[in-house]
Structure formats: structure tokens, C-alpha cells
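Structure record follows, encoded as C-alpha cells.
Read-outs: derived from the displayed coordinates by stated rules, not from any lab. Because the structure is predicted, anything quoted here is derived from the model rather than measured. Methodologically, a virtual Cβ is constructed for each residue, glycine included, from the backbone with ideal geometry; neighbour enumeration extends over all protein chains shown.
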Amino acid sequence: MTLALTSSKGKGKVGKMVKEKISKLFRLLNTFHAKLPDQRTFSTSCVLHNKILSTGADKKSSSPRVLITGSLGQLGTGLAKKLRARYGAENIIMSDIIRAPREILETGPYIYADILDFKNLQEIIVNYRIDWLIHFSALLSAIGESNVPLAMRVNIEGLHNVMELAKQYRLKIFVPSTIGAFGPDSPRNPTPDLCVQRPRTIYGVSKVHAELLGEYYHFKYGLDFRSLRFPGVISGDTSPGGGTTDYAVVIFHEALRTGQFKCYLREDTKLPMMYIEDCLRSLIELMEAPNECLKLRTYNVAAISFTPEELVKAVKKHVPNLKVDYVPDHRQAIADSWPQVFEDVNARKDWGWKHEYGLDELCSAMIEVTKPYYVDNSK
Ligand SMILES: NC(=O)c1ccc[n+]([C@@H]2O[C@H](COP(=O)([O-])OP(=O)(O)OC[C@H]3O[C@@H](n4cnc5c(N)ncnc54)[C@H](O)[C@@H]3O)[C@@H](O)[C@H]2O)c1
């Protein structure tokens, strides 16, 4: 790098010192760029580290400033709530392209951010001094198939924007992946972290692209890219966004609202699933795990696998008169190409992942959360 100092300060002894200091700064910056991120050394084991964090130690003093894209979806609202409690409300910037409800606006910063608008995202990152980017904006599997050009723009072009900005501003970035990143040629029971990935949906293709690009940016530029392949996520207080596993959320609402449920998957369709509490905790634990614990940049995380029939049996413990019809539609073909059981040994070994909600715990939690919305059909 050549420096041209043209002012009077560029001449004489002081000018030489300034020039040397600036050169040193550039050398230092170049060294940082060549290095992998977060190369601090930790003496404790990674698993122990996460156990300590999950006891809720006060971390607000050294809190990261986090931007969540697509934050008004099924996962973002709950995550923002948890991160605000952990790092302070003002440090968590929620964003999306839709209008936020009043309760969101009252609990912390919320801004408009279209992930296709690079310049606007850049301004947000600079103005809010963002450290972490949690990239949730996406079109999910079933919705993506019905609008492939838009899915390609949001899931691929949008990803390129956030990856490039994360690289430029040295952000830690989380991009969720999915069981949908596997396809009919992948082993389905169990599905390990590393195996053939040939998905047959645009959603799956865009997620494999994200996994590979994240890994590439990590090794090429030292980007601190982290990703988890989530199973179908089940939540009570936020609606699912058009995925193939949505039936496992809708059943609770229909059971309590009408006592009847029409399932769009066959009764024996086994898929990996996870309760939202486990899902959001896994994300926070991964983001807080010391870098040297991570042997992979994308991990499978698992909790339970069940079929619609098994779920119905468990829901009937709470709503005994529930009536269910199975009328498979186009989503059956997607489900048939996805993993049945997810193997997450690496997440458990490397950073101490452990799920807490089994099928019965999940059903009890879902009934408790959804019941207040409906007339009581459970008796
Ligand atoms: N929900 C699940 O079961 C599940 C499972 C695996 C992975 N994931 C992943 O987790 C992430 C969040 O999922 P979710 O269920 O909350 O999705 P969702 O569909 O509920 O929410 C996605 C959000 O993205 C926003 N969005 C769409 N276009 C946008 C744009 N151009 N700019 C900015 N925002 C835009 C939408 O308004 C929406 O609020 C996604 O990347 C998804 O692939 C979800």
C-alpha cells in the first residue's frame, strides 16, 4: 500500500511518524483479514462453556449488537424476545418488510429492511453498529415451490447481500439451514451432517448454496459463518411460514378450535421436528460457542421424529375427541424426499447440544400456549 500525504503534515518528522502509524494500521488490518475470526483461546471445554452460559449469567456488559432479518416470522419474534432479555432490548434490531404489531414496536428497535436492498442494509449495519447478523428472511419450502423466481431472489440474491456485508464489516453471521437441504439420494434414517445433498425444491437448493457459500467465505476470508439445519419447528404463539412441516403446528389450533383436522401428509410420514424453545436455544448456544469448538460451519440439530399418526395420538391425550382425515397433497412428495431421523452427534459433541422437549412435553407446551386463543374443545 502506498500512501500519499499532501498536506504540510506530510512533510518533516511529524509527517513521517503519521505515515509510519498509518502504514502499521494497514498492515494490522491486512493481518486481521488473513486470520480466522475470534482466535481467542479458552481453557474450559466447549460443552462446559455452553452449560455456564445457559444458566443465564449476565452478559449485557459485553453484549453484541444484533440485526435480525425477516424477524417477524415464526422464528424471529421469539428469538428477538430471548436475545433482548439476554443482551438488552436496545442491542437487538428487529427488521422485516411487513408492518410490525404494536407489542413489537413497544419492546425495542424495529426497522424496515428489504434484504434485496444492499445499500439500505449497509446503512443499517453502519448506523446501528451491528456485530452479529441473524439472517432469517426466506421463502420456505411449500411457498418457494409456488413462486420459484421470488424464492430465488429472496433466498439466493438476499443471501449474497448479507454475506458480502458480513464479510465487509467483519460480522458474525448466522444463516439457518434445514432438513430440506437433503434430498431423495441422501440417507434418510439417520441423516448425518456430511452426506449427499441433492434437494429437489428451490428452498433446499438455496439452503445448500448458503451452506457452501458460508463455508467458502469462512475459509477464504475468515468470515465467522455459523449455520444449523433445523428440523420442522413447532411453535404456539407464532404462525408457520409455509413449510412442509406446518401441519404439526396447525393441528393444535384446529384441535382446539374445531376438534377436526385435515392432514395434508400421509399418517406414516416420519419427519424430524423440534419445539421452538429448543430451536432458539440451539441457535443462541451455537452463536455463543467459542470458535475453536466448531469443527463444522453447519450442524444438524435434532430433537424428535414422529409421524402424523403418532402426533395425533399424543394430541388426543389433551383433546380426546379430535377427528383427523388424511388427504395428502403436493407437499407429500417434498416430505418423502426429506430425512426421517436427523443425526446430530457432532453438535452434541462439539458444543454440547441437548434437546429438552420430547413428543409429550411438546404437546403439553403447545396446548398450554394455544388454549387461551380458543373456546375450550379439550373436554
Ligand atoms: N420454521 C421452520 O420450521 C424452519 C425450519 C428450518 C429452517 N428454517 C429457517 O429459519 C428462517 C426463519 O424461518 P421462519 O419460519 O421464521 O420463516 P417465516 O416465513 O415465518 O418468516 C420469514 C420472514 O422473512 C420475511 N421476508 C420475506 N421477504 C423478505 C425480504 N425481501 N426482505 C426481508 N424480509 C423478507 C417475511 O416477511 C417473513 O416475516 C428461514 O431462513 C427458514 O428457512 C425454518
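Couplings 3J(HN,Hα) for the stretch 253-267, derived from phi with the Karplus relation 6.51 cos²θ - 1.76 cosθ + 1.60 (θ = phi - 60°), are 5, 5, 4, 7, 7, 10, x, 9, 8, 9, 9, 8, 10, 4, 5 Hz, where x marks Gly and Pro. Between the beta carbons of ARG153 and GLU309, assuming R0 = 56 Å, the FRET efficiency works out to 0.90 to the nearest 0.05.
When peptides 233-241, 363-371 are sorted by average Cβ neighbour count within 10 Å, with the highest value leading, the order is 233-241, 363-371.
For Cα pairs less than 8 Å apart in space and 6+ apart in sequence, what is the mean separation divided by the residue count of the stretch 232-316, i.e. the relative contact order in percent? Here the relative contact order equals 36 percent. For SER177, the residues whose amide H sits under 5 Å from its own are LEU228, ARG229, PHE230, ignoring neighbours fewer than 5 places away on the same chain, with H placed 1.01 Å from N.
For GLN260, the amide hydrogen comes within under 5 Å of the amide hydrogens of LYS323, counting only partners 5 or more places away or on other chains and with H modelled in the peptide plane.
The simple Förster model, with R0 at 56 Å and r as the Cβ-Cβ distance, assigns GLU368 and GLN168 a FRET efficiency of 0.80. Which pairs, out of LYS270/LYS295; LYS82/LYS167; LYS295/LYS317; LYS316/LYS354; LYS207/LYS317; LYS81/LYS167, put more than 32 Å between their alpha-carbon atoms? Correct reply: LYS295/LYS317; LYS207/LYS317. Relative contact order of the stretch 140-203, taken over Cα pairs closer than 8 Å and 6 or more residues apart, is 42 percent. The residues neighbouring ARG331, those whose beta-carbon lies less than 12 Å from its own, together hold a net charge of -3 under the Lys/Arg +1, Asp/Glu -1 convention. Which FRET efficiency value, to the nearest 0.05, do you get for ASN127 and ASP268 by plugging their Cβ-Cβ distance into 1/(1 + (r/R0)^6) with R0 = 45 Å? Efficiency, rounded to the nearest 0.05: 0.30.
Summarising the label geometry, the points placed 7 Å from Cα in the beta-carbon direction at ARG99 and ASN291 lie 4.3 nm from one another.
Distance from the Cα centre of the stretch 310-349 to that of the stretch 134-172, in angstrom? First find each Cα centre; the distance between them is then 27 Å. Residues ASP278, ASP268, arranged from fewest to most other Cβ atoms within 10 angstrom of their Cβ, appear as ASP268, ASP278. Database remark: amide H of ILE92 closer than 5 angstrom to the amide H of VAL66 (H placed geometrically; neighbours at sequence offset of 5 or more, or on other chains; Pro and chain starts carry no H).
Placing unit charges on each Cβ (+1 for Lys and Arg, -1 for Asp and Glu) gives the stretch 259-355 a dipole about its Cα centre, and among MET287, VAL324, THR298 the Cα reaching farthest toward its positive end belongs to VAL324.
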